[in-house]
Amino acid sequence: MISIYFVTSNYNKLNEAKNAFKKSNFKVKKLDLELPENQHESQDQIILQKLKYAWKSIKSPLFVDDTAIYFERFPNFPGIITKQFVSGLGIKNIQKIIREKEPAYFRTLVGYADSNGFKIFEGVLKGRLTKKNPGKINPLAQFSSIFIPDKHSRTLEEIGGDIVSSHRRKALQKLKVYLDYKYK
């Protein structure tokens, strides 16, 4: 069994990663490490910065993640400022500035580091935003209360279950395939 660290303080993300690697030769271990998140030009740069910092700190196989939401009519927005955008405006005010059925997508990057360097894996969940009353708002994932995935009629919050973080699961699956091949 090969140990691989997931640098996160979020137990939901940790459990999701453990499930992704359940039937593999890898054991996912949680590592609490405060990672820098300077606001660069792209989400890819942020994930690389996290990887470099984490690798320099522990020099052991590890992965990190970063998730953002993007509105298709505004290139790269809100993207890397998703957290600040939601905390600054609040989801109900965001609903005032979006269009009904505003095309949007979640993008998760999972970055992996080992002694051979860094690799980045992407997972995307496309859908649209709604102005419908969000009802319950999850403080840890506020956009899930107004995001309707493609091929669905309800929000992520209403649907619940596996679809909620399918963008992260897609990226984790790509990492798993890569590691399975690498360590054959």
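FYI, it's all coordinate maths here, none of it is from the lab. Nothing here was measured: the structure is a model prediction, and the numbers come from that model. Cβ coordinates were reconstructed from backbone atoms using ideal geometry, including for glycine residues, and neighbour counts include every protein chain displayed.
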Mean-position separation - Cα centroids, region 1-71 and region 125-184, in angstrom: 18
- prompt: Looking at region 1-100, which trypsin sites (Lys or Arg not before Pro) are DSSP coil and have at most 15 other C-beta atoms within 10 Å of their C-beta?
  reply: 22, 23, 59, 73, 99
query: Restricting to the chain, what percent of DSSP beta bridges are antiparallel, rounded to 5?
result: 75
field: Crossing angle, helix 11-20 versus the chain [Cα axis fit, 0-90 degrees, rounded to tens]
entry: 60
query: For percent of Cα pairs over 26 Å apart, the choices are (i) 27; (ii) 57; (iii) 32; which was calculated from the structure?
result: (iii)
message: If you take every residue apart from residue 98 with its C-beta less than 10 Å away from the C-beta of residue 98, what net charge results, scoring Lys and Arg +1 and Asp and Glu -1?
response: +4
field: the chain - mean residue ellipticity at 222 nm from DSSP helices (-39,500 (n - 2.57) per run, n ≥ 4, rounded to 500)
entry: -10000 deg cm²/dmol
Exposed-loop-free span, longest in the chain, where GluC sites (Glu not before Pro) count as exposed if DSSP calls them loop and at most 11 other C-beta atoms lie within 10 Å: 101-184
